[in-house]
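Working notes for the structure below.
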Amino acid sequence: MDSIIVRGNGPLKGQIPIAGAKNACLTLMPATLLSEEPLTLTNAPRLSDIKTMSQLLGSLGAEVTSLQDGKVLAMSSHDINNHVADYDIVRKMRASNLVLGPMLARLGHAVVSLPGGCAIGARPMDLHIFGLEKLGAEIELKDGYLHAKAPNGLKGAVIELSFASVGATENILMAATLAKGTTVIKNAAREPEIVDLATCLRAMGAQIEGDGTSDITVQGVDRLHGATHPVVTDRIELGTFMLAPAFCGGEVELLGGRMDLVESFVAKLHEAGIDVEETDKGLKVARKNGRVKAVDVTTEPFPGFPTDLQAQFMAMMCTAEGTSVLEEKIFENRFMHAPELVRMGANIEVHGGTATVHGVETLKGAPVMATDLRASVSLILAGLAAEGETVVSRVYHLDRGYERVEEKLSNVGAHIERVSE
């Protein structure tokens with residue numbers, strides 16, 4: 001099992017290219033199931049989760065070919081010969097449940113295992129089932145699998161979600177493209193990944209309006225055709241690497257970065273005393289002098305502060321001047337990185353969904369363990385600013401969501417290496 005060794009070494013300087021969004025690509029890939037014609041995705045991230053989704057689609061009969069060193073995915077679903085998404089694949093990744101809506105819409109039936117992923121909360125399928133049943137699906141849970149069928153096809157409906165779930169919005173949106181009549185998704189998620197999916201589906205011939213707002217309207221069509229679509233920039237990788245110079249000092253330009261993807265996050269960086277400016281190539285982040293200031297954060301659905309940047313921001317607050325309070329309102333069990341940061345000398349108190357961080361002058365390098373994807377990178381960032389050597393173990397989580405972290409950070413001056421135990 002691999003570990004990553006990080007040594008604190010002062011300011012960073014240079015450029016970091018930002019990959020296509022993992023969460024967008026994992027949503028776009030199942031869209032190939034909606035059409036017999038090819039779907040090609042450009043700007044794809046090179047991650048283990050993408051390989052897992054490729055494996056899942058392949059098990060259903062789709063063809064997925066990785067081109068240009070993994071940056072292009074050429075897919076075809078002209079011969080879907082299996083309607084069962086097996087547990088052995090689905091358990092590895094939460095996004096596997098996104099094959100449910102497309103298979104129901106095109107094939108009229110699907111059997112999908114309940115999904116896995118990081119252990120950061122229950123993240124149930126209730127809203128997915130609710131929405132698809134509103135469209136006319138019949139769904140039954142048996143032996144850990146969702147058995148879904150739509151013997152008379154799917155029909156448009158008004159679906160009001162009790163929570164603006166990203167996954168449920170995506171599943172319902174894809175299913176609705178081939179449903180008969182009009183579907184309105186109320187209290188829909190507004191994340192950029194939803195907009196990216198809708199843009200791709202429109203390129204395939206879908207009729208969708210309102211993406212990026214809380215009400216999405218879909219007019220069902222008889223069939224979708226092929227398309228080529230570029231995956232949107234990964235706002236979570238962007239935000240993560242924006243924090244590197246905020247931790248260590250220096251100045252780093254994030255190539256491909258877009259302000260509209262991270263506005264609420266940037267507002268908190270400004271509050272903490274970090275400079276962020278737009279360039280013709282992306283975003284430039286700098287911390288010139290002194291410690292950052294303590295800032296309170298509450299995670300919220302987009303356009304609020306992203307839950308997927310909470311762990312990284314908490315790590316920065318560990319050496320901030322003053323006391324910060326971080327409130328997690330999206331997932332339970334998402335402070336598992338706190339005890340590991342305490343091992344490095346942080347002063348953190350966790351009570352339920354709230355963490356209080358009392359800033360200290362410096363962190364000390366220590367052996368720590370990654371508990372989930374975002375926690376793993378938060379410990380690496382903390383190690384960049386800590387005195388001495390930090391060894392982060394169980395970094396297999398990292399490869400699910402970050403492309404070539406060691407290479408990207410080394411190129412701006414960080415002392416970081418991966419070792420095999």
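We did not get these values from a lab; they are worked out from the coordinates using the rules stated. Since the model is a prediction, treat every value here as computed from it, not as a measurement. Note: ideal-geometry Cβ built from the backbone for every residue, glycine included; neighbour counts use all protein chains shown.
As a proxy for reagent exposure, MET336, MET103, MET344, MET259 were ordered by neighbouring Cβ count within 10 angstrom, fewest first; the result is MET259, MET336, MET344, MET103. Under 5 Å from the amide H of GLU300 lie the amide H atoms of PHE305, THR307, each residue being 5 or more positions distant or on a separate chain, with H modelled from the backbone and absent for Pro and chain starts. Pairwise Cα separations in the range 22-230 fall into 10 Å bins from 0 onward with the following percentages, short to long: 9, 40, 40, 11, 0.
Less than 5 angstrom separates the built amide H of GLY156 from those of LYS180, GLY181, THR182, all sequence-distant by 5 or more or on a different chain.
Sequence-ordered 3J(HN,Hα) estimates for the range 386-401 from the Karplus curve with 6.51, -1.76 and 1.60 and θ = phi - 60° stand at 8, 7, x, 10, 10, 10, 9, 9, 6, 7, 4, 4, 4, 6, 6, x Hz, glycine and proline given as x. Restricting attention to the chain, close to 70% of DSSP beta bridges with both partner residues there are antiparallel. Just checking my list [x] 55, 28, 17; [y] 35, 24, 21; [z] 38, 21, 20 against semi-axes √(5λ) of the Cα gyration tensor in Å computed from this structure; which label fits? Matching the structure shown: [z].
Over the range 216-347, how many pairs of lysines fall under 25 Å by alpha carbon, counting only those 8 or more apart in sequence or from different chains? So the count of such lysine pairs works out to 7.
In order along the range 73-89, the Karplus-derived 3J(HN,Hα) couplings, from 6.51 cos²θ - 1.76 cosθ + 1.60 at θ = phi - 60°, round to 10, 9, 10, 8, 10, 6, 9, 7, 10, 9, 10, 10, 8, 6, 4, 4, 9 Hz, and Gly and Pro are given as x. Magnitude of the charge dipole for the chain, about its Cα centre and with charges confined to Cβ atoms of Lys, Arg (+1) and Asp, Glu (-1), is about 160 debye. For the chain, relative contact order (Cα pairs under 8 Å, six or more residues apart, normalised by length) works out to 21 percent. Give the separation of the Cα centroids, the range 167-245 to the range 361-421, in Å. Each part's Cα centre sits 33 Å from the other's. Residue-wise HN-Hα couplings along the range 31-43, as the Karplus relation 6.51 cos²θ - 1.76 cosθ + 1.60 with θ = phi - 60° gives them from phi, are 4, 4, 5, 7, 9, 7, 8, x, 10, 10, 10, 9, 6 Hz; Gly and Pro carry x.
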